[in-house]
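Encoded as structure tokens, the structure appears first; notes follow it.
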Amino acid sequence: MRLVRQNEKTGSKGAVWSVGRGGGLRGGVAVLALAALVSGCGDGGGEGARPAHGQQALKAPPARALDSYASRLRLGHAQRVAAAKHWGLDRTPLDPPPPPAKKPVIKPRDGFEVDDQEELGLPPVFTTVPTKEKIVFLTIDDGDEKDPKFLRMMNDLKIPYTAFLSNYLIKDNYAYFRKMRDSGVTLNNHTLHHPYLPGLSYDEQRYEICGMQSVMSKQFGKRPTLFRPPYGNYNQDTLRAAKSCGIKYAPIWDEEVFVDHWDYREWDRDLHPGDIVLTHFRGRNDWNGTMTDMVRRFLKMVTDKGYAVARLEDYL
């Protein structure tokens, strides 16, 4: 479809906008242009038409402005392509869709509920976000490895991820995670000392969770609303304690990626729309490789299967 701007006085045709197949960015710009054109056509148009009191006459955006916007987008894409090549990726990661205007309803995964889950309004434990979009969410646990190359790689590639931190592993270098926060990453609660929570009393569990909330507030300026129980283990006391500390969601995971392999929760051993993927802050002391090696494996899998990486918090 082609939209043609017509001069109001001479009737001559001016700038042309086009809508690419399937809409997309060019379609979005064209819709703005169309809205501006339509606003000048009410009441027969012509020089005698005036806007209502207090309104400004709308004009189609100059073609020069549209060209500048498109140029910036082309430059941004070119930078991602260059970053993918620089970091050794076979393909440029796919762009995720815009965040949903209406957030999906998050419920506990079947079989992952605790007694009186609904009656007590406890945070849901879930492994997948309900969506039909081909997206997955990358989450990274604990904070042991603090690789500066990882931060640069993720910033260069513009890959969103969510961190779940334990204080005993991050307290020697809070500054590393402040850099992460400043780049737009959400930092969340993974307890003070990473214990097996069901083996603790309610008060002991609350100390681990609420104590980490206080650390997060002091060090990073915000009390999280997301909490991941260590090892994915929890009971009713865990969720009751988490709720009392201000936690709203308890996401765990459907797949886990390592530097040299993937693990799967489901029998089909595959990705699904909305899956939460777990990995850890690890390096050569624990893996046969680095965090950047892990990211390459992760992105190769999701990109080859036609998935994009989205930001978990945009869906909660």
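Brief remarks on what is shown
- The range 193-280: GluC sites (Glu not before Pro) in DSSP coil with no more than 15 other Cβ atoms inside 10 Å: GLU266
- Working from label points 7 Å from Cα in the Cα-to-Cβ sense, the HIS272 to TYR231 distance is 2.5 nm.
- The fraction of all Cα pairs in the range 182-316 landing in successive 5 Å bins from 0 to the largest distance is 2, 9, 17, 18, 19, 17, 12, 6, 1, 0, given as whole percents.
- 14 Å reach of a label modelled at HIS86, 7 Å along Cα-to-Cβ, counting backbone N of the range 132-170: 149-159
- Residue list for the range 157-191, given a label point 7 angstrom along the Cα-to-Cβ vector of ASN285 and an amide N cut-off under 14 Å: 168-173
- A simple charge model with +1 on the Cβ of Lys and Arg, -1 on the Cβ of Asp and Glu and nothing else charged puts the dipole of the range 62-214 at about 1360 debye relative to its Cα centre.
- Count Lys and Arg as plus one, Asp and Glu as minus one, and take only other residues whose Cβ is under 10 Å from that of THR127; the net charge is then -2.
- What the Cβ-Cβ distance of ASP95 and ASP116 gives, at R0 = 30 Å and to the nearest 0.05, is a FRET efficiency of 0.10.
- Rough spin-label spacing in nm, given labels placed 7 Å along Cα→Cβ, for SER183 and ASP203: 4.2
- Stretchable slack from LYS103 to ASP147, in nm (0.36 nm times residue separation minus alpha-carbon distance): 12.5 nm
- Shape category assigned to the range 73-228 from the gyration tensor of Cα positions, a/c cut at 1.5: oblate
Since every read-out is calculated from the coordinates, none of them should be taken as a lab result. Fair warning: this is a prediction, and the values are worked out from it, not measured in the lab. Heads up, the Cβs are rebuilt from the backbone with ideal geometry, glycines too, and the neighbour counts pull from every protein chain shown.
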